[in-house]
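Asker: The structure that follows is given in the form of structure tokens.
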Amino acid sequence: MNDQHFNLVILGGSVITPSGREKTDVGIRNGRIAEIGNLSRTAAAERFDAAGLHVLPGVIDTQVHFREPGLEHKEDLESGTRGAVKGGVTAIFEMPNTSPNTDSAEALADKVSRAVGRTWCDFAFFVGATNENAETLRDLERRPGCSGVKVFMGSSTGSLLVADDGKLRDVLANGSRRVAIHAEDEDRLRERRVLLDRNAGPVQHPHLRDEESAVRATRRILALARETSRRIHVLHVSTAEELPLLAANKDIATLEATPQHLTLSAPECYERLDAFGQMNPPIRDDRHRQALWQAIEAGIVDLVGSDHAPHTREEKERPYPESPSGVPGVQTLVPVLLDHVNAGRLSLERFVDLTSAGPNRIFGIANKGRIAVGYDADFTIVDLKAQRTITNAWIESKSKWTPFDGMAVTGWPVATIIRGKTVMREDALLSDPTGRPVRFQECLIEG
Ligand code: DOR
């Protein structure tokens, strides 16, 4: 054995492997997990003392909006991924409602080339479906750096929209990877605009974009997915009523919950946060939040994504409905969920299922999402006992705010390791931005 058998060993932590929780060591060579077992006497270039800490598979946030190109005053790929690694996230999937939209091979390639050398974590990009590009999606979804196709069934931030069944059928019929869906029914949203009260503010947001808007869209997309035999992934589910519908169609449909929908509820969040709690689909009353927790407990929720959607303070302070929808979240996903772990709402194993094993399974990630020999050496190392308060001052996002400002949490990400490189430790950024495209089982694999 030479002097440096491993590049890095993580020693003495509680490691969450597919077999369970185990106090052991992890040896890393050339960016991959090379050995799990007692490595305390093995030579390594670098040693990470994880005694008292939990070593989790790197958290993969499969829904973020990083705004580049075109809206860089809100966020860019560097600032967004900086927030990600500060918050313990090792890879992100980014959404296509930038400017221009990511709806062509050129726009996708442009994003990938912007990301290389500037992102702190690994990345993939969704391509946006439009009323015109259905026939190109089969090719686009298999390109390097692509996490799949995203469909907006209802208008949200930006111009991407595929509202009618005929066009949706065309989108679903062209390709094979799982399609990510924003399920709000455009006709219903339009009908309800007349109910707007210009004096009432964002508290009316869940009324204007009501439960039926979400349920109707989810019902429609499930029928179309069934008809076209296409797998779908329904993003940021917000209503109790969608959960049994989705549970009855598990063979074709998976679903995401967000920390916001699991933590905040109406009307309190609007009274306290005003438009800083406004997002699409809206945060709704407590009945829905509790139903989402039951669906986590029951195993129906497949993953948690942050839907990080930053807007500046000035934009958020515009009078409703000119205030844009969306809240930042990539940096707070891990601490907010760890606090729920500490409160007994989910186990640490379920946390891992929702933030790394789930993304791996649902999107067919080639070699990330579990701690096992051969996988990328991506780790989110957490201190389950750390007591901290989430503050706006901690936020790296250009937006510089979080709806969780002032929230005292127990549990904190203390290190982010990506392909064997420690990128964040105790809130300090180390190394350089060396993010790479995430690779997928079904796709042309580069490198
Ligand atoms: O609230 C939201 N904001 N929902 C979306 O669907 C888009 C996002 C954004 O990009 O701002």
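The values are calculated or read from the model by the stated rules, or taken from the named source; none is laboratory data. Not measured: the values here are computed from a predicted model. Note that we place each Cβ from the backbone using ideal geometry, even for glycine, and neighbour counts take in every protein chain shown. To get the accessible areas, we keep the full protein, side chains included, count just its heavy atoms, and leave off ligands, DNA and RNA. Shrake-Rupley method; radii C 1.70, N 1.55, O 1.52, S 1.80 Å.
Asker: Just check region 316-369 against the gyration tensor rule for me: Cα atoms, a ≥ b ≥ c as the square roots of the eigenvalues, rounded for a/c under 1.5, and otherwise prolate or oblate depending on whether a/b exceeds b/c.
Answerer: On the way: a/c = 3.68, a/b = 1.65, b/c = 2.23.
Since a/c reaches 1.5 but b/c is at least a/b, the shape of region 316-369 is classed as oblate.
Asker: Listed highest first by mean packing, meaning other Cβ atoms within 10 Å per residue, what order do 328-335, 238-245 come in? Don't skip to the answer; put the middle values down first.
Answerer: Working: 328-335: 28.5, 238-245: 20.5.
Packing order, densest peptide first, comes out as 328-335, 238-245.
Asker: So what's the net charge close to residue 322: Lys and Arg +1, Asp and Glu -1, counting the other residues with Cβ under 15 Å from its Cβ? Write out the running numbers ahead of the final one.
Answerer: Values: positive: 193, 198, 313, 316, 318; negative: 197, 274, 314, 315, 317.
Residues close to residue 322 contribute a combined charge of 0.
Asker: Taking θ = phi - 60°, what integer Hz values does the Karplus form 6.51 cos²θ - 1.76 cosθ + 1.60 yield along region 243-257, in sequence order, with x for Gly and Pro?
Answerer: Running phi through 6.51 cos²θ - 1.76 cosθ + 1.60 with θ = phi - 60° gives 5, x, 4, 5, 5, 7, 10, 4, 5, 10, 10, 10, 8, 10, 10 Hz.
Asker: Here is a further query. Could you compute the net charge surrounding residue 305? Neighbours are other residues with a C-beta less than 13 Å from the C-beta of residue 305; K and R count +1, D and E count -1.
Answerer: Details: positive: 150; negative: 61, 94, 256, 302, 307.
Every neighbour counted, the sum reads -4.
Asker: Can I ask one more? Given 0.36 nm per residue, what is the gain on full extension from residue 116 to residue 407 after removing their alpha carbon distance, in nm? Could the numbers behind the result be given before it?
Answerer: Details: separation 291, 0.36 × 291 = 104.76 nm, distance 3.42 nm.
Full extension from residue 116 to residue 407 adds 101.3 nm.
Asker: Report the full-extension gain for the segment residue 207 to residue 165: residue separation times 0.36 nm, less the Cα-Cα distance, to one decimal in nm. Don't jump to the answer; show the numbers that get you there.
Answerer: On the way: separation 42, 0.36 × 42 = 15.12 nm, distance 2.46 nm.
So the extension gain works out to 12.7 nm.
Asker: Still on this structure, please answer the following. So what is the accessible area of the chain per residue, in Å², with the probe set to 1.4 Å? The partial results should precede the final answer.
Answerer: Working: 16030 Å² over 447 residues.
Here the per-residue accessible area is 36 Å².
Asker: In whole Hz and in residue order, list the ³J(HN,Hα) couplings for region 27-41 that follow from phi through the Karplus curve 6.51 cos²θ - 1.76 cosθ + 1.60, θ = phi - 60°; x for Gly and Pro.
Answerer: Calculated HN-Hα couplings, in order: x, 10, 9, 6, x, 10, 6, 9, 7, 10, x, 6, 10, 5, 9 Hz.
Asker: Taking the Cα-to-Cβ direction at residue 322 and at residue 297 and moving 7 Å from each Cα, how far apart do the two end points lie in nm?
Answerer: 4.5 nm
Asker: Can you give me the long-range amide H partners of residue 76? Hydrogens built in the peptide plane at 1.01 Å from N, cutoff under 5 Å, separation of 5 or more residues or another chain.
Answerer: Under 5 Å from the amide H of residue 76 lie the amide H atoms of 398, each far enough along the sequence or on another chain.
Asker: Would you mind getting me the FRET efficiency between residue 135 and residue 41? Use the beta-carbon distance for r and R0 = 60 Å, nearest 0.05. All intermediate terms of the calculation are to be shown ahead of the outcome.
Answerer: Details: r = 59 Å, r/R0 = 0.99.
FRET efficiency, residue 135 to residue 41: 0.50.
Asker: Next up: Residue by residue, what Karplus-based ³J(HN,Hα) values in Hz, rounded to whole numbers, does region 97-113 have, using 6.51, -1.76 and 1.60 with θ = phi - 60° and x for Gly and Pro?
Answerer: So the J values, rounded to whole Hz, are 8, 9, 9, x, 4, 8, 10, 8, 4, 5, 5, 5, 4, 4, 5, 4, 6.
Asker: Is it possible to state the helix-based mean residue ellipticity at 222 nm for the chain, with each DSSP H run of 4+ residues giving -39500 (n - 2.57), the sum divided by total residues, to the nearest 500 deg cm²/dmol? What is it?
Answerer: That comes out to -7000 deg cm²/dmol.
Asker: Okay, moving on. What is the distance in Å between the Cα centroid of region 240-258 and that of region 358-409?
Answerer: First find each Cα centre; the distance between them is then 24 Å.
Asker: Compute the FRET efficiency between residue 430 and residue 109 as 1/(1 + (r/R0)^6), taking r as their Cβ-Cβ distance and R0 = 22 Å, and round to the nearest 0.05.
Answerer: Values: r = 30 Å, r/R0 = 1.36.
The pair residue 430/residue 109 has a calculated efficiency of 0.15.
Asker: Just subtract the alpha-carbon distance of residue 392 and residue 190 from 0.36 nm times their residue separation and send over the number in nm, one decimal.
Answerer: Working: separation 202, 0.36 × 202 = 72.72 nm, distance 3.46 nm.
Contour length minus Cα-Cα distance gives 69.3 nm.
Asker: Also, I was wondering about something else. Skipping prolines and chain starts, which residues have an amide H placed within reach, meaning under 5 Å, of the one on residue 365, given they are 5 or more residues away or on another chain?
Answerer: Answer set, sorted by chain and number: 441.
Asker: 5 Å is the cut-off here: which amide hydrogens, built 1.01 Å from N in the peptide plane, fall below it relative to residue 254, excluding neighbours closer than 5 in sequence?
Answerer: 232, 233, 234
Asker: Points 7 angstrom from Cα along the Cβ direction at residue 155 and residue 72: gap in nanometres?
Answerer: The answer from the label model is 2.9 nm.
Asker: What is the spin-label model distance, in nm, from residue 176 to residue 223 if the labels are put 7 Å beyond Cα along the C-beta direction?
Answerer: 2.9 nm
Asker: Below 12 angstrom from the Cβ of residue 169, what's the summed charge of the other residues (Lys, Arg +1; Asp, Glu -1)? Kindly include the intermediate steps, with their values, before the conclusion.
Answerer: Numbers: positive: 167, 220, 226, 230; negative: 164, 165, 170, 227.
Around residue 169, the surrounding residues sum to 0.
Asker: Given R₀ = 51 Å, what would the calculated FRET efficiency be for residue 4 paired with residue 343, taking r from the Cβ atoms and rounding to 0.05?
Answerer: Numbers: r = 43 Å, r/R0 = 0.83.
So the FRET efficiency works out to roughly 0.75.
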